[in-house]
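Colleague: Once you've had a glance at the structure underneath, I'll fire off some questions.
Please treat every number below as a calculation from the coordinates, not as lab data. Treat the numbers as computed from the prediction; the structure is a model and nothing was measured. For neighbour counting, all protein chains shown are included, and Cβ atoms are generated from backbone atoms with ideal geometry for every residue, glycine included.
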Amino acid sequence: MSTNPGRVKKDEGFLGKLGGTLARKKRSKEVSDLHEEGKNAINAPLLPSSAELLPEDLLLEENAERSMLDPTSREDPKFKDLQKVLIDWINNELEEDRIIVKDLEEDLYDGQVLQKLFEKLSGRKLNVAEVTQSEIGQKQKLQTVLEAVNELLRPQGWTIEWGVDSIHSKNLVAIVYLLVALAMHYMAPIRLPEHVSVHVVVVKKKEGILQTAQVTKELTTTTEMMMGRFERDAFDTLLDHAPDKLNVVKTSLITFVNKHLNKLNLEVTELESQFADGVYLVLLMGLLEDYFVPLYNFYLTPESFEQKVHNVAFAFELMQDGGLKKPKARPEDVVNLNLKSTLRVLYNLFTNYKSAD
């Protein structure tokens, strides 16, 4: 079988040229990739490793900055728990308005829920349109609501960590900051998770290059610092300067309450936890004042937070009926296991009834 040498030569020349072209393109692509890799390596320290940069972040003007929640913080169980507590609180406050919040970012950005919540908490009616569909209208409503909030909180020393643009752009950290501040100022009957912090990536454009930094934002501290906003008294001094004497005080109070509760074959070993549902407080008041408290006046086996608050509030009423001053503590604080609040209530009973049989 014969072959055509000319055809073979032609094919070899064509394939050789094609191979050379492909090889050059490959080398060119490798150089391009290497250049891109080098550029990425130079900028790598400036770019967030876990936060996604959105298109609007790349379009930042010179010296402008944008912040975003680090995805790892978004999934943090304590941060999620804080959001749930705030959502439940809002829904409870706005139950009569038939408002149900499911997602803080999606449900609060337009100002409608924030307006209703502030009006409910403050007892003030804001002069804003009820329904606003346009972005301009929503921002105008937000402006009015936030001005009222800031006017209330700023004189109390609050750092304003939110604004119209951050709330409207669904900045979750700003929204949570605002809600925590309102909950603390109005002493909401909720237990905020302690020591909740999140990482926020701040992106800034400088000389045309995006620079980023990770900042830690502390959303909550301790329950005592957040909710125990009372005038300083002997217990503040005791806990701040002589915590070693706290057990002596607790032992004296336990001895006092057991002296009376033992008559009903009841005994207390933990002050903050065993008085939290209000049952022992009600029974103790009946024993101290020498009367029987009808069982229909309180929940003997309370299950919900509201039932426990009812019991403690009822015990407070009995104390005032007995001539005692209104307790400084709130019923919610006792239910929330706030030790200082519980100590204040029991110490008040101790000083007034320590001679009672």
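Colleague: Cα convex hull of the range 230-353: mean projected area in nm², to one decimal? Provide the component values of the computation, followed by the final result.
Modeller: Values: hull surface 28.9 nm².
Mean shadow area of the hull around the Cα atoms is 7.2 nm².
Colleague: Next question, about the same structure. Considering the Cα positions of the range 158-222, please state its Rg to one decimal place and its Dmax as a whole number of Å.
Modeller: Here Rg and the maximum Cα pair distance are 14.3, 49 Å.
Colleague: Oh, and also: For GLN211, which sequence-distant residues (separation of 5 or more, or a different chain) have an amide H within less than 5 Å of its own amide H, given hydrogens modelled in the peptide plane?
Modeller: Placed amide hydrogens put LYS204, LYS205, LYS206 under 5 Å from GLN211.
Colleague: Through the Karplus equation 6.51 cos²θ - 1.76 cosθ + 1.60, θ set to phi - 60°, convert the phi angles of the range 203-215 into ³J(HN,Hα) values in whole Hz; use x for Gly and Pro.
Modeller: Result, ordered by residue: 9, 9, 9, 9, 6, x, 10, 6, 10, 10, 8, 9, 10 Hz.
Colleague: Which of the pairs LYS328/LYS354; LYS120/LYS308; LYS116/LYS204 have their Cα atoms more than 25 Å apart in this structure?
Modeller: Numbers: LYS328/LYS354 20 Å; LYS120/LYS308 23 Å; LYS116/LYS204 35 Å.
The answer is LYS116/LYS204.
Colleague: Computed from the mean reciprocal separation of all distinct C-alpha pairs, what Kirkwood hydrodynamic radius does the range 58-156 have, in Å?
Modeller: On the way: mean 1/r = 0.0642 Å⁻¹.
Across the range 58-156, the inverse of the average 1/r is 15.6 Å.
Colleague: Per residue, how big is the convex hull of the range 125-194 when only Cα atoms are used? Give it in Å³.
Modeller: On the way: hull volume 7.8 nm³, N = 70.
That works out to 112 Å³ per residue.
Colleague: Right, here's the next one. Highest first, please rank the peptides 186-197, 94-105 by the mean number of other Cβ atoms sitting within 10 Å of their residues. Write out the running numbers ahead of the final one.
Modeller: Working: 186-197: 16.8, 94-105: 12.9.
Per-residue Cβ counts within 10 Å, averaged per peptide and sorted highest first, yield 186-197, 94-105.
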